[in-house]
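J.: First, the structure itself, so that you have it in front of you.
Every number in this text was worked out from the coordinates using simple rules, so none of it is lab data. Only a predicted model underlies this, so the values are computations on that prediction, with no experimental measurement involved. Positions of Cβ are generated from backbone atoms using ideal geometry, with glycine treated the same way; all protein chains shown enter the neighbour counts.
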Amino acid sequence: MLRTGILNPAVLSLLARVRHTNTLVIADRGFPFWPQIETIDLSLVDDLPTVAQVLEAILPAVSLGRVFAAEEFRTNNLPARVAALQARLGATPLQFEPHVDFKRRVPSAIGLIRTGDTTPYANLILESA
């Protein structure tokens, strides 16, 4: 029986299938449904869990090459929220791009984890190292 780390078996299975340069999406509650991508819905109520909480939970289990976020995340949120994301990623490059370009990356992802996050443009695409 697992006693620490990620306990959700669907999330563990998804993470185990991410290989070098594969991507994984962590999405907010309003992100569109992509029928061709395995989706694990962790949303419970507004802001539970958040994208940041899911990121925090999976970071110890993954090796990241870079992270993609929508440029609109910077323009629709306080600088402190943007700085907190950059600080949490440490040396992992965070690349901002227009939301329409961000969504073009989604169909090639291994999977998507949906959260209850209500933060504007909180979605992230994690690229494995």
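J.: Just to be sure, is Val100 aliphatic (A, V, I, L, M), assigned to a helix (DSSP H, G or I) and in contact with a strand residue (DSSP E or B) (Cβ under 7 Å, 6 or more places away or on another chain)? Before the answer, list the steps.
T.: Details: aliphatic (A, V, I, L, M): yes; assigned to a helix (DSSP H, G or I): yes; in contact with a strand residue (DSSP E or B) (Cβ under 7 Å, 6 or more places away or on another chain): no.
When the stated conditions are applied, Val100 does not pass them.
J.: Here's a follow-up. Test of understanding: among Arg105, Arg66, which residue is over 20 Å from Ser43 (Cβ atoms), in a strand (DSSP E or B) and in contact (Cβ under 8 Å) with a residue 60 or more places away in the chain?
T.: Selected residue: Arg66, the only one of Arg105, Arg66 that is over 20 Å from Ser43 (Cβ atoms), in a strand (DSSP E or B) and in contact (Cβ under 8 Å) with a residue 60 or more places away in the chain.
J.: Here is a further query. Filter the stretch 36-72 down to the residues that are within 12 Å of the chain's Cα centre (by Cα) and of a type in the set (D, E, K, R) and list them by number.
T.: Answer for the stretch 36-72, where residues must be within 12 Å of the chain's Cα centre (by Cα) and of a type in the set (D, E, K, R): Glu56, Arg66.
J.: Right, something else. When the stretch 108-129 is examined, which residues are found to be assigned to a loop (DSSP other than H, G, I, E, B) and either surrounded by fewer than 16 Cβ atoms within 10 Å (Cβ to Cβ) or of a type outside the set (Phe, Trp, Tyr) (or both)?
T.: Ala109, Ile110, Thr115, Gly116, Asp117, Thr118, Thr119, Pro120, Ala122, Asn123, Ala129
J.: The conditions are (1) crowded, with 16+ Cβ neighbours inside 10 Å; (2) out of contact with any helix residue (DSSP H, G or I) (no Cβ under 9 Å at 6 or more places or on another chain); (3) assigned to a helix (DSSP H, G or I), and Leu85 fails exactly one of them. Which is it?
T.: Leu85 satisfies every listed condition except (2).
J.: Tell me the residue from Leu48, Leu55 that is buried (at least 18 other Cβ atoms within 10 Å of the Cβ), in contact (Cβ under 8 Å) with a residue 24 or more places away in the chain and within 20 Å of Gly5 (Cβ to Cβ), please.
T.: Only one candidate passes the filter, namely Leu55.
J.: Going by the conditions given, is Glu72 outside any strand (DSSP E or B) and surrounded by 14 or more Cβ atoms within 10 Å (Cβ to Cβ)?
T.: Considered against the rule, which asks whether it is outside any strand (DSSP E or B) and surrounded by 14 or more Cβ atoms within 10 Å (Cβ to Cβ), Glu72 comes out as yes.
J.: Now for a separate question. Out of all the residues in the stretch 1-45, which are assigned to a loop (DSSP other than H, G, I, E, B), exposed (fewer than 12 other Cβ atoms within 10 Å of the Cβ) and of a type in the set (Val, Ile, Thr)?
T.: Of everything in the stretch 1-45, those that are assigned to a loop (DSSP other than H, G, I, E, B), exposed (fewer than 12 other Cβ atoms within 10 Å of the Cβ) and of a type in the set (Val, Ile, Thr) turn out to be Thr4, Thr21.
J.: May I ask you to say which residue of Ala84, Ala109 is of a type in the set (Gly, Ala, Ser) and more than 20 Å from Asn22 (Cβ to Cβ)?
T.: Ala84
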